[in-house]
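Enquirer: Below is one structure. I have some questions about it.
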């Protein structure tokens, strides 16, 4: 089964996970192959690198064990190691999990380079099918050089660059620090840790195409003349958190969220923390919260509750 790929426009880059193929038979039965894209606002934006270290951690995790399907023919974690000539004889090889910047296989012009921390080699760990948690001082990165042959690293008319292919039986979450030259200008750089978001992949939703970052942000038709109230899960990563976490909202709610208040409710019902919502991506400081579990809710300017809810765990 193949899902239709959708994406949303934004003034800044964002990471979007799109389900491509749901596997129902053979070795991959029960797994889904996803493509992770970095969406950018300009067609000439150039994606330079993906990375993580102790100050800007990178997490790429799945709830399944093993986390990622890795085909035996692949010898590295990069897409440029994939030879499509083997797909006929080994069809599962086409769904191998890999990391990239633009390239789908070794026929691409772009040269993707990896830099691994000897103390924590994220590429070796990923290729072994394990979750990736980069929090070391040296860190790990994969990157491309800003040269004319790196054509696949340019966003183009689709306003997106391929970052990874991930085949897994579990749910994917994480964050990656990305580096982008805005409009290809190396003097105008975007560099930020971005959470992995999902497109609205429910064909029954009114906003199936396009304009939704989250499955939980899908909008549905009225039922029996009354609008169906659907609680939308707030994206929170990381959780547990000790100092900062990132809270994400569906982009179609941004205008209504302007000036709204995010609240952390403790298990005894008290409002333990509040933050002003600035955009669909909000980094919040939770260092002032006591260790424990909290429910995140949202209230608008009139103190009316909005249909958002999330669960945050704080540890110190």
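Enquirer: Return the distance in nm (one decimal) between the two label points of a simple spin-label model at residue 311 and residue 268, each offset 7 Å from Cα along Cα→Cβ.
Expert: Distance between label points: 2.2 nm.
Enquirer: Would you list 233, 268, 45 from fewest to most Cβ contacts within 10 Å?
Expert: 268, 233, 45
Enquirer: Here's something else I'd like to know. Give me 311, 23 ranked fewest to most by other Cβ atoms within 10 Å of their Cβ, as a rough exposure proxy.
Expert: Lowest count first: 311, 23.
Enquirer: Can you tell which of 240, 118, 250 shows the greatest fluctuation in a Gaussian network model of the chain with Cα springs below 10 Å?
Expert: Among 240, 118, 250, the largest GNM mean-square fluctuation belongs to 118.
Enquirer: Test of understanding: ordering 152, 27 by Cβ neighbours within 10 Å, fewest first, what list do you get?
Expert: Lowest to highest Cβ neighbour count: 27, 152.
Enquirer: Any idea what the relative contact order of the stretch 99-143 is, in percent, if you count C-alpha pairs under 8 Å spaced at least 6 apart?
Expert: With pairs under 8 Å counted, the relative contact order is 43 percent.
Enquirer: Let me ask something additional. Just to confirm my numbers, what's the Cα centroid distance between the stretch 33-47 and the stretch 156-188 in Å?
Expert: That distance is 5 Å.
Enquirer: With each run of n ≥ 4 DSSP H residues scored as -39500 (n - 2.57), what mean residue ellipticity at 222 nm is computed for the chain after dividing by its residue count and rounding to the nearest 500 deg cm²/dmol?
Expert: Taken over the chain, the calculation gives -500 deg cm²/dmol.
Enquirer: Obtain the nm distance between the two label points defined at residue 29 and residue 119 by a simple spin-label model: each point lies 7 Å from its Cα along the Cα-to-C-beta direction.
Expert: 4.5
Enquirer: Mean separation of Cα pairs under 8 Å and 6+ residues apart, divided by the residue count of the chain: what relative contact order is that in percent?
Expert: It comes to 18 percent, rounded to a whole number.
Enquirer: Just 262, 301, 78 to compare: in a GNM of the chain, with alpha carbon springs under 10 Å, which one fluctuates most?
Expert: For the chain, modelled as a Gaussian network with Cα springs under 10 Å, the answer is 301.
Enquirer: Over the stretch 221-314, calculate the relative contact order: mean separation of alpha carbon pairs under 8 Å at least 6 apart, over the residue count, as a percent.
Expert: Here the relative contact order equals 33 percent.
Enquirer: Taking the chain as a Gaussian network, where each spring joins two C-alpha atoms under 10 Å apart, which residue of 173, 305, 49 fluctuates the most?
Expert: Looking only at 173, 305, 49, the biggest GNM fluctuation is shown by 305.
Enquirer: Please give, to one decimal in nm, the separation of the simple spin-label points placed at residue 186 and residue 255, each 7 Å out from Cα toward the Cβ.
Expert: The two pseudo-label positions are separated by 4.1 nm.
Enquirer: Among bridges DSSP assigns within the chain, what percent are antiparallel (round to 5)? Intermediate values should be presented prior to the final figure.
Expert: Values: 74 of 81 bridges.
In the chain, approximately 90 percent of DSSP beta bridges are antiparallel ones.
Enquirer: A follow-up question, please. Can you give the FRET efficiency for residue 135 and residue 87, using 1/(1 + (r/R0)^6), R0 = 41 Å, r = Cβ-Cβ distance, to the nearest 0.05?
Expert: That gives a FRET efficiency of 0.70.
Computed from the coordinates by the stated procedures, all read-outs in this text should not be read as laboratory data. The model shown is predicted, which means the values in this text are computed figures rather than measured ones. So basically every Cβ, Gly included, is an ideal-geometry build from the backbone, and we count neighbours across all protein chains shown.
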